[in-house]
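Q: Starting off with a structure, shown below.
Laboratory data are not the source of any read-out in this text; all were calculated from the coordinates shown. What you are looking at is a predicted structure, and each value in this text was computed from that prediction instead of being measured. All Cβ positions, glycine included, derive from the backbone under ideal geometry; neighbour counts span all protein chains shown.
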Amino acid sequence: MHIEIQYNPAHSLATVHLAPHESIRAEAGSMVSMTDNISVTTTAGHRSGGGFFGGLKRAALGGESFFQNLFSAGAMGGKVSLAPSLAGSMVVHELRLGEELFIQGSSYVAAPESVTLDTQFQGMKGFLSGESLFFLKATGQGPVLLNAFGAIEKRELNGELIVDTGHLVAFTSGIEYSLSKAAKGWIQSFLSGEGFVLKVRGRGTLWLQSRNPSEFGGTVGRMLPAREG
Amino acid sequence: MVLQSPELEMSTHLNAGRRAGFWAVITALLVALARKFLGGETMFVNRFRAPRGGELVLAPSLSGNIVQKKLDGQKRLFVQSGSYLASTGDIDAKVRFGGLRTLFGGEGLALLECTGTGELWINSYGSVLAIPINGAFTVDTGHIVAFEGNLDFRVKSVGGMKSLFLSGEGLVCEFQGSGTVYIQSRNLSSLVHWLSPLLPS
Amino acid sequence: MNYTILDSPDFALLQVVLDTSETFVAESGAMVAKDVGIDITTSLRGGLLGAAKRKFLGGESLFQNTFTARTSGQRLFLAAKAEGDLRARKLGVGESFFLQSGAYVGHSGSDLKIDTKFGGVRGFFSGVGLFILRIEGPGTVFYGSYGAIHEVELHGENYTVDTGHIVAFTQTLDYRVRAFGGFKGLFLSGEGLVADFHGTGTVYVQTRNAAGLAAFLHPFRRIKAKAGN
């Protein structure tokens, strides 16, 4: 399997080149186009709260359609092109055995079945920041396709940093995090427009996105016609 | 704010202009609160200080570019209020309105008149094109990022009231004189116009 | 008339320079800026019957603007509404080109024909109120994409594209619209309809789709006030 990414940083497209009989699992809604002889089946492909209902719970909680489609190439191999919903970049992280990658739910696009995704795992604190964030834990090995709203910035952390929660794409284990208000008081936090931030500390790698989906959603959403509740 | 070093201090202030008198501050506060609750650009700014140095990474809400402009105390730059990202030094940004229905966002032009010395960062929705004008030039108000203070400008509808509602062009700003206008290649109203018919109820 | 496409591919902008009495027709809302020597007249596209038909089918504005230069060297700047690229296609007499209705930005050449009935007959619906236009030359048509434009050249093989990702395709291709085999998603995201293309020609694929953006923004919309609350 080989994943080719074009049109970064604004309108990325990832084309997965599948060898004969190879498969890849991808987020529902990410398929742009594909060659002949690729069969598609639905899978809830993640552990914990598993199966259809686990996916349903995740979708309801996170506003995220965490169902996956499994694209399997036939005897001739094939190509599937994938893209996320928002403008931005994509990047592949080669996950190695023994490594753990924590991915913000809407930043995950695709990975082969040799990568296991966990939606409920030890140590995950509830993120009630109003941004409906949830994280996936990826373990196993293989290429993990991530998307970012905007450009992706990869940063090595060795110390402490304050990060806006909406700009976080993924991070490796070895990093501790705690949620806090942006400013000292509640009114100050509200007026500053910054909301909640994450204090991250430790040693590891962080991936950030240069735009914040909730901020974009809020800015455009209030200009759109109202909806039925 | 995207990320910052932990030692940075942040405080929130009303963007009323540095030498604003009492009534100007009250007016600015009421306008700012109204805009915060009814939608529209907030007029609160965050001031970040780093007594021992530090790092601050900022990003705007919409996809597009960031342009850095240096103000030398002589020039005035009018910046569309949604395009103001940050400034350093001694830059004063006064709120100015131009045109119809500007108070609560939407049509019209909510501008920040920037003067003083320092660096100014402005962001665009889409890419930025600098257009030097010598004479007259018309720009759709939603596509204005910034323009030099020596230009005359007037907000009007494209071609009479019928055109305003039918043509989809909305309001335009007619510039006169010599100077540079910075336009952005995308417009939030147009995005809304494109997407609205495709939304479920 | 001469034109330049600026800032391709991320946020493309079209610059047209018109000579005395030259005209350019554009979708309403496409104008970014102009020299003052250009007059604008607004008209209903295709007469009242055509406009009514389009209003019923949805997804396409009723009006178009005709820009006429009073003197020479008058500049006109135009852009598509969605974030993405912009292309020009010059068509010979009787040559056809198929364009997704939301992609049309403008055209030059008074003999260029835009046929909106075509989509209705062949049943090409992407499920979000968009349909296919047949553009027939002579003239030049300008179209925009949501996202980058990914050109796929076919030489007899089959290729499947999610209908929301189709910008345009050449007249020599055959296609068949069908439901996608995988999971369709709880709300709007998730693949709905796909088109299987076959033959020799080019499909212009856009790397983002309106349904994905609409689904993302839906929870950010204000809720309609209910009567009696």
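Q: With labels modelled as points extended 7 Å from the Cα through the Cβ direction, what inter-label distance (nm, one decimal) is found for C:D196 paired with A:K181?
A: So the two model labels end up 5.9 nm from each other.
Q: So which of A:K154/A:K181; B:K70/B:K94; C:K34/C:K81; B:K94/C:K81; C:K34/C:K113; C:K90/C:K113 end up more than 19 Å apart, counting from Cα to Cα?
A: Values: A:K154/A:K181 24 Å; B:K70/B:K94 17 Å; C:K34/C:K81 17 Å; B:K94/C:K81 31 Å; C:K34/C:K113 25 Å; C:K90/C:K113 13 Å.
The answer is A:K154/A:K181; B:K94/C:K81; C:K34/C:K113.
Q: How much FRET efficiency would the formula 1/(1 + (r/R0)^6) give for B:E55 and C:M1, where r is the Cβ-Cβ distance and R0 is 51 Å, rounded to 0.05? Please report the intermediate quantities before stating the final value.
A: On the way: r = 50 Å, r/R0 = 0.98.
That gives a FRET efficiency of 0.55.
Q: Each residue of the range B:183-192 in turn: what ³J(HN,Hα) in whole Hz from Karplus with 6.51, -1.76, 1.60 and θ = phi - 60°, glycine and Pro shown as x?
A: 10, 10, 7, 10, 8, 4, 4, 5, 4, 4
Q: How many nm is it between the label spots at B:Q68 and A:E99, if each spot is 7 Å from the Cα in line with the beta carbon?
A: Using points 7 Å along Cα→Cβ, the separation is 3.3 nm.
Q: Excluding same-chain residues fewer than 8 positions from B:K69, which aspartates and glutamates have a Cα within less than 13 Å of its Cα?
A: Straight-line reach from B:K69, under 13 Å: B:E119, B:E148.
Q: For the pair B:N134 and B:K156, how long in nm is the line joining their label points, each one 7 Å along Cα→Cβ?
A: It is 2.5 nm.
Q: Go ahead and run the numbers for FRET between B:S11 and C:R70, Cβ-Cβ distance against an R0 of 60 Å, rounding to 0.05. Kindly include the intermediate steps, with their values, before the conclusion.
A: Numbers: r = 54 Å, r/R0 = 0.90.
Calculated value: 0.65.
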